[in-house]
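Quick notes on the structure that follows.
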Amino acid sequence: MRFLLTSLLLVVSLHGDEIPLSLGPFGKFDVERKPDGVVDLQVNGPGAHFWSSVIPGKFDPETSTILEFEYFSPSGIKSLSVRYRQPGGEMLLADSQPVPLAESWQPIAFDLSKAEVPLEKPDDQSRFHFSLKYKPDTALQIRNLRLRPPTEAEKMKSEERERIVAEKEADAAAILAYFRGDFGGRIDKVTVKKEAIVVKGFHPEPVHLRELRPPHPSHVQSLPEGPVRKNLSGDFEITLPRFAAPDRRDRLHSRWRLETEDGEISSEARWGEIDTGLAKKLPKLEAESQKGLGGIPRITSDDHEIFELGIRHATVNIVLNALLSDRPRQGFDKITFEGVPFYLNRRFLQQHETTVRHLCEQGILVSAILLVGNQEDSSLTHPEAEPRGTFAMPNLKTERGTQYYRAALQVLGNHFTQPGKRFVNWIIHNEIDQAGTWTNMGDQPMARYLETYHRSARLVYQTMRVRDPHARVFVSLTHHWTKPSLGKGAYTVRDLLELFAEMGRVEGDYEWGVAYHPYPQNLRNPDAWLDRDVSMTFDTPYITPKNFEVLPFYLQQERFLYRGKPRGILFSEQGFNSPTLSEEDQRRQVAGIVYQFRHMARFPVIEAYHLHRYQDMPDKEGGLRLGIIDENGSRKLAWEAYRTLGTPEGRKFEEIADEVMRETSAP
């Protein structure tokens, strides 16, 4: 992946209140300085970035809120993120936006007032940092990098942004008011049968029964469709067709609530429960071991080397945009969902079917991780998603986007709820507490973000549970607990979990679990037994291998139980870095693995530990070497350690771990 930054004019004349900036440190660039302040930069590896020079002390963040340059780019750049180094060293994401195609010099401006907290006056170390998401062969030229006050038009744009933020906050407050409201009526039960939906409820006064389709949040009133039944009072039971005309739209995905003649909400909404015997007669699968693996490669035969490891769990990523398109594409097959054409990537599907079939044949329980590519031109991507996110929240805001999502889920449900080709668990997106990166929906109040995620999880659950009586969905969370990660789009895990559980209880509980990622506190340091900012209390900042017990203890509280039993827990992505391939660092990686499994076996509620990952990918994971084989395919010491866990052969690795822990723990 190489691209050229040419004619980077970094020293300019001062005009009015403008503050010129110049090039500072850089990484993954070849740099050639030219006359007149022009600098050519060419990427020589992944993670290319550059800094400005130290920002002059006269910079006033309250008045010079615009960072601007001019650029020329025949292909554009997917995303350019600007961060500010605050006094004290904290890196603050100020703004992020795509760089559109430009075949003549065009200005591009970044609004620093969009930062999640105000920028502070600079010190002698303050700089701007520029990081890029780019495609191969991208070309870019920039000039006249500078700080300046906003124009009148930019001030108006900022005011408009503040209005939108206020609207989102008001919507979030309305969501919480709904979920915590006290209503005069109730929907007691909704049952999904083969051809019917049965709704039971009560209201002391005449009310109407409303169907809430998938794009409609439960707190919203004044919906375009009219009520499905009017003037219900007292105890009632209504039977409706499950498949609505004219295109047999499946009401499996609908919720049901009561409202008055003037549209006032009179009950919580309720999702349907799948009628007993409606799903296939599939057995509940359990494994005798917690040992699993993530980053599974494509598997085409039953003699792949990963089967030597004795794993009993695996995760497989499914990017839904790659599986299905709502527009014709070469090589895709046309299918129809509820009367609407979609286009299936049959080759993509078959490759995953082959991998899953081989895993199932070996007795390995497979969990799917459902991801939505952050593609601006895709109607599956949430329209409020920012370009800086790697993945996005699905578009559950429009009828088209929601139908696209449900169509993709139906394809997966039809193909992967079969005895020899089965996803037993469905992990909903990735690390939602780091939403800005991994499940982007733009800047949102937590309640607004989580309301959409809750609908997404429930749509997956309904789709799979009607086919597999044991299908479950899992919430994906990082090792942060009460201390959110830095940067925009980060939420506190414990708060997310509490609100997600509350939403489920209000609208009819269902079998969800937690897919946690208890990495060491510092992902680069495998010595998790030395993690400092952890405790065995519910207020711990992090949950890591040193205190992972906090999570199952927390979920044993009554408000989290499902039908009296604890929620399922998957440790679905975590591992231990070997900072280098030296013997010493590989021994530290081994020690981390042994340390984790030595303590985890006492907690059967932790069903699986998916070691991340199979193969080192330092170029794509910021230099981390979390694999058990290196990037060239050679087996690391951790391969044998993982293969022999819990066997007599593994005793030598137990001894290595004890030696490493003694050496690193010595004063």
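3J(HN,Hα) couplings calculated from phi for the stretch 572-581 with the Karplus curve 6.51 cos²θ - 1.76 cosθ + 1.60 (θ = phi - 60°) are, in sequence order, 9, 6, 5, x, 10, 7, 9, x, 9, 9 Hz; Gly and Pro show x.
Which percentage, to the nearest 5, of the DSSP beta bridges contained in the chain is antiparallel? Within the chain, antiparallel bridges account for around 65 percent of the total.
Take every DSSP beta bridge whose two residues both sit in the stretch 284-395; close to 50 percent of them are antiparallel. Report note on the peptides 217-225, 415-423, 399-407: ranked by the mean count of other C-beta atoms within 10 Å, highest first, their order is 399-407, 415-423, 217-225. Coupling constants for the stretch 221-233 follow from the phi torsions by the Karplus curve (6.51 cos²θ - 1.76 cosθ + 1.60, θ = phi - 60°), and in residue order they are 10, 6, 7, x, 7, x, x, 8, 8, 10, 6, 8, 8 Hz; glycine and proline get x. Please give the FRET efficiency for LYS200 paired with ASP539, using the beta carbon to beta carbon distance and R0 = 45 Å, rounded to the nearest 0.05. Computed FRET efficiency for LYS200 and ASP539: 0.60. Taking the Cα centre of the stretch 452-511 as reference, the dipole from Cβ charges on Lys and Arg (+1) and Asp and Glu (-1) amounts to some 200 debye. Less than 5 angstrom separates the built amide H of ALA515 from those of VAL475, SER476, LEU477, LEU570, all sequence-distant by 5 or more or on a different chain.
For ASN440, the amide hydrogen comes within under 5 Å of the amide hydrogens of PHE391, ALA392, MET393, counting only partners 5 or more places away or on other chains and with H modelled in the peptide plane.
Computed from point charges on the beta carbon alone (+1 for Lys and Arg, -1 for Asp and Glu), the dipole magnitude for the stretch 398-519 about its Cα centre is near 400 Debye. Only protein atoms count toward the accessible area here, which uses a 1.4 Å probe; on the chain, the carbon and sulfur part of that area reaches 49 percent. Counting only DSSP H runs of at least 4 residues, each contributing -39500 (n - 2.57), and dividing by the residue count of the chain, the helix-based mean residue ellipticity at 222 nm comes to -7000 deg cm²/dmol. Remark on ILE274: its backbone amide H falls under 5 Å from those of VAL192, a criterion applied only to residues 5 or more positions apart or on other chains, H modelled at 1.01 Å from N. Remark: the stretch 615-667 carries a charge dipole of roughly 100 debye about the Cα centre, counting +1 on each Lys and Arg Cβ and -1 on each Asp and Glu Cβ.
A Förster radius of 45 Å combined with the Cβ-Cβ distance from ARG559 to ARG248 puts the calculated FRET efficiency at roughly 0.70.
Calculated FRET efficiency, SER53 and ARG186, Cβ-Cβ r, R0 60 Å, to nearest 0.05? The calculated FRET efficiency here is 0.40. Rolling a 1.4 Å probe over the protein heavy atoms gives the chain an accessible area of 42 Å² per residue.
Between ASP30 and ARG598, residue separation times 0.36 nm minus the direct Cα-Cα distance comes to 199.8 nm. Couplings 3J(HN,Hα) for the stretch 247-254, derived from phi with the Karplus relation 6.51 cos²θ - 1.76 cosθ + 1.60 (θ = phi - 60°), are 10, 6, 5, 7, 7, 3, 9, 9 Hz, where x marks Gly and Pro.
Sorting the segments 240-248, 121-129 by their residues' average number of neighbouring beta-carbon atoms within 10 angstrom, most packed first, yields 121-129, 240-248.
The values are calculated or read from the model by the stated rules, or taken from the named source; none is laboratory data. Just so we're clear, the structure is a prediction, and the values are computed from it rather than from any experiment. Quick reminder, even Gly has a Cβ in these numbers, built from the backbone with ideal geometry, and neighbours come from all protein chains shown. Calculation scope for accessible area: heavy atoms of the full protein, side chains included, ligands and nucleic acids excluded. Shrake-Rupley method; radii C 1.70, N 1.55, O 1.52, S 1.80 Å.
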